[in-house]
Amino acid sequence: MTNRWFLASVALFVAVSAATWHVWANRETLLPEQVPVHWGPSGDADAWVPRERMTPWLLLMPASILGMLLLGRALPFLSPGQFAIDGFRDTYEQILFIVALLFGYIGVLLLVAQMGWVGDKEMVRWLAGGMLLLFAGMGNLMGKVRRNLYMGVKTPWTLASDMVWDRTHRVAAWLMVGGSLAGLLLLLTPLSPMWAIGVAVAGMLYPIPYSWWLYRRLEAEGKLE
């Protein structure tokens, strides 16, 4: 049976593609002659493309969602038996949907910014806020991810032991959610949105050395499988 999260991802792809097509079809009235396509850490646009050459840039996010959908269908068939995703298939599909939602959010936000509906500074802050919310949603699912080759904290130590994998991902879940919420609070301050993203990323990186430490401790105690 087709998973509901996959269907939601397909619906998202159709919606983002329709919004992109609408902007392209009405580019003469919706887009300026020079369209911003990149924003620096300060929040200011630092690269522009002529309106008539915007096709590849507009197609980027719909193509990213489509590529993720196709890859998500292929990976389970390519997975070795001991790393099969069958035991957490619904969680796998939810995480893929969150990734698709992230691409879709970025795509729509870029369209809004390119049409001049939000200023550069506001666009970067909205971008960081959406990313942090989706990171928190993904972190909420980390504890349900079982040992696999495609998603989660994949280190030599987590892949070698179910016990290390499970404990590391419980820690990762708390840190992803907590770091993302802390980042959202920082967005309410005058600090650069880069600080908010940095706090969240730091929380995502910590489980890597933690998995090494946990493996070595359990190994020394003779508790590994």
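The values are calculated or read from the model by the stated rules, or taken from the named source; none is laboratory data. Because the structure is a prediction, the values reported are computed rather than measured. All Cβ positions, even for glycine, are placed from backbone atoms using ideal geometry, and neighbour counts span all protein chains on display. Just the protein is used for accessible areas: all its heavy atoms, side chains included, with ligands, DNA and RNA removed. Shrake-Rupley method; radii C 1.70, N 1.55, O 1.52, S 1.80 Å.
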Task: Under 14 Å from LYS144, Cα to Cα: aspartates and glutamates that are on another chain or at least 8 residues apart - done: ASP86, ASP90, GLU93, ASP162, ASP166
Task: Inter-label distance for GLU33 and GLU52, nm, one decimal - labels placed 7 Å from Cα along Cα-to-Cβ - done: 1.2
- [ ] Would you work out what percent of the accessible area of segment 36-189, with all protein chains in place, is carbon or sulfur (probe 1.4 Å)?
- [x] 69
Task: Net charge dipole size for the chain [Lys, Arg +1 and Asp, Glu -1 on Cβ; Debye, nearest 20] - done: 480
Open item on the list: Filter the chain for me: DSSP H helices, axial length by Cα at least 30 angstrom, mean Kyte-Doolittle hydropathy not below 1.0. List them by residue number.
Closed with: 4-25, 55-78, 89-114
- [ ] For segment 5-88, just run the numbers: alpha carbon Rg, then divide by 2.2 N^0.38 Å, N being how many residues it has.
- [x] 1.51
- [ ] Assuming R0 = 25 Å, can you tell me the calculated FRET efficiency for the pair ASN26 and ASP120, based on Cβ-Cβ distance, to the nearest 0.05?
- [x] 0.65
TODO: Using a 1.4 angstrom probe, figure out how much accessible area the chain has per residue, in square angstrom, rounded to the nearest whole.
DONE: 54
Task: Whole-number percent relative contact order across segment 68-152, with pairs defined as alpha carbons under 8 Å at least 6 apart - done: 42
Task: Computed [θ] at 222 nm, deg cm²/dmol, the chain (DSSP H ≥ 4; -39,500 (n - 2.57); rounded to nearest 500) - done: -23000 deg cm²/dmol
Task: FRET efficiency estimate (nearest 0.05) - Cβ-Cβ, ASP166 to LEU224, R0 22 angstrom - done: 0.95
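Count the net charge of all other residues whose Cβ sits under 15 Å from the Cβ of MET151, scoring Lys and Arg as +1 and Asp and Glu as -1.
After counting each charged neighbour, the total is +2.
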Task: the chain, relative contact order in percent, only Cα pairs under 8 angstrom and at least six apart counted - done: 18
- [ ] Let me have the relative contact order for segment 100-225, percent, based on Cα pairs under 8 Å that are six or more residues apart.
- [x] 25
Task: Whole-Å semi-axes of the ellipsoid equivalent to the chain (Cα gyration tensor, √5λ, descending) - done: 37, 22, 13
- [ ] Add +1 for every Lys or Arg and -1 for every Asp or Glu among the other residues with Cβ under 12 Å from the Cβ of GLU52, and state the total.
- [x] +1
Open item on the list: If you filter segment 1-61 for GluC sites (Glu not before Pro), then keep DSSP loop positions with at most 15 other Cβ within 10 Å, what is left?
Closed with: GLU33
